[in-house]
Amino acid sequence: MAEATANGLGQHALHAGHAHEAPAAVAHADQHQEHPIKLYLVVWAWLFILSTCSYLVDYFGLQGYLRWSLILIFMILKAGLIVAVFMHMAWERLALAYAIILPPILVLVFTTMMVFEADYTLFTRLAFFGSGH
Amino acid sequence: MAETLTHIGKTEPRPSGWQGIAADWSSDQRAFKNVSWGKAMMWIFLLSDTFIFGCFLLSYMTARMSTRVPWPNPSEVFALRIGGSDIPLILIAIMTFVLISSSGTMAMAANFGYRRDRRKTAILMLLTAALGATFVGMQAFEWTKLITEGVRPWGNPWGAAQFGSSFFMITGFHGTHVTIGVIFLIIVARKVWRGDFDTGRRGFFTSRTGRYENVEIMGLYWHFVDLVWVFIFAFFYLW
């Protein structure tokens, strides 16, 4: 996967990486997101492979932390490939990328709150209704 | 790296990296330098949609964590009987591959659009729409199967009552997004086929001329639908 993105990313990442070289690299602004078809096909293939992997997690009935961590890893890799390459976020300016990608991370704060809330609800249900229905 | 587009069309060099972020946001000017308003607005819409689906998945998590009744096993609920044996989750796996394939064809459509290859762009967009419609069809099949088996928003034969409401809410909203996407794909494909973006024909609703970037913006929406499915697949079907 690193190779797949590296091909297309190469020259752009070079520019982004060195702020002090910026004036020299101003030559062309990427108004158009035009990349080789091969890049899309490689990402497509990787999405198939990763989806198959996550399906196999269920097929082989893996359980517990191994299952959850594998599901999350495959999910994040797939989401990253779609956003970075298919949606061209890897080539957008950082001002846009951070404006779009950082806010959803705040959902994790909400998630933490709801984990505590759900635990508390379960506790009260068990305490007041017992283990029956 | 990128250039500033000032109101008089003059271009100036911009800093990149963290300095670039601060400079872009702190000045009285366009924040997203080389991004058209159409693309920026689509991204902002997708950001808000992210929160909608984020809240759905969160409510599902809360319901599943707080119930005393065991959660139905998705692996068994969504199994299909093929050739005499139950294959777990097979329909969902096929739906995943169909949607990923549609994302691939969409990415290529946007690419051919920038190369001014109208024929290939339109055909790939229609192929994307066809794959999307296939996905919705399979989802309709899945809903029918579950409803005949007795799944309702208020209960189901296998366990926690919240399973049904979470399932219908999350997959229903996602299916609606796919359906809207299919409709928009057909509309934009028609524009490409007719050559609207070359002849400068004005849109019916907007009275504005379009550009081939519209195909890429359409693609952003479509890839987002695929992206949401990645999360639904992981959290609802596999967890």
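We did not get these values from a lab; they are worked out from the coordinates using the rules stated. For clarity, every value in this text was computed on a predicted model and none was experimentally measured. All Cβ positions, even for glycine, are placed from backbone atoms using ideal geometry, and neighbour counts span all protein chains on display.
Tabulated data
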{"quantity": "Sites B:ASP117 and A:ALA45 - FRET efficiency at Förster radius 25 Å, r taken between beta-carbons, to 0.05", "calculated": "0.65"}
{"quantity": "Whichever lysines have a C-alpha closer than 25 Å to that of A:LYS38, once near sequence neighbours (fewer than 8 apart) are set aside", "calculated": "A:LYS78, B:LYS39, B:LYS120"}
{"quantity": "Interchain or long-range residues, amide H under 5 Å from B:LEU80's placed H", "calculated": "B:ILE87, B:LEU89, B:ILE90, B:LEU91"}
{"quantity": "Projected label distance in nm at B:PHE97 and A:LEU66, using a 7 Å step from Cα toward the beta-carbon", "calculated": "2.5 nm"}
{"quantity": "Size of electric dipole in the protein assembly as shown: Cβ of Lys, Arg +1 and of Asp, Glu -1, about Cα centre, debye, nearest 20", "calculated": "900 debye"}
{"quantity": "Within-13-Å neighbourhood charge of B:THR67 [Cβ basis; K, R +1; D, E -1]", "calculated": "+2"}
{"quantity": "FRET efficiency, 1/(1 + (r/R0)^6) with R0 22 Å, evaluated for B:CYS55 and B:TRP143 via beta carbons", "calculated": "0.50"}
{"quantity": "Neighbour count of at most 14 Cβ within 10 Å plus DSSP loop: longest trypsin sites (Lys or Arg not before Pro)-free window in chain B", "calculated": "B:117-200"}
{"quantity": "Cubic angstrom per residue, convex hull over Cα atoms of segment B:3-124", "calculated": "192 Å³"}
{"quantity": "Mean shadow area of segment B:155-239 over all directions, Cα convex hull, nm²", "calculated": "7.0 nm²"}
{"quantity": "Computed over the protein assembly as shown, the ratio Rg/Rh where both radii use C-alpha atoms and Rh is Kirkwood", "calculated": "1.01"}
{"quantity": "At R0 = 56 Å, FRET efficiency that the Cβ-Cβ distance of B:ILE90 and B:THR206 yields, to 0.05", "calculated": "0.85"}
{"quantity": "Rg over Rh, two decimals, chain B (C-alpha only, Kirkwood Rh)", "calculated": "1.07"}
{"quantity": "Counted charge near B:LEU58, where neighbours are those whose Cβ lies closer than 13 Å (Asp, Glu -1; Lys, Arg +1)", "calculated": "0"}
{"quantity": "In order through segment B:63-78: 3J(HN,Hα) via Karplus (6.51 cos²θ - 1.76 cosθ + 1.60), integer Hz, x for Gly, Pro", "calculated": "4, 5, 6, 9, 8, 7, 7, x, 7, x, 7, x, 4, 8, 4, 9"}
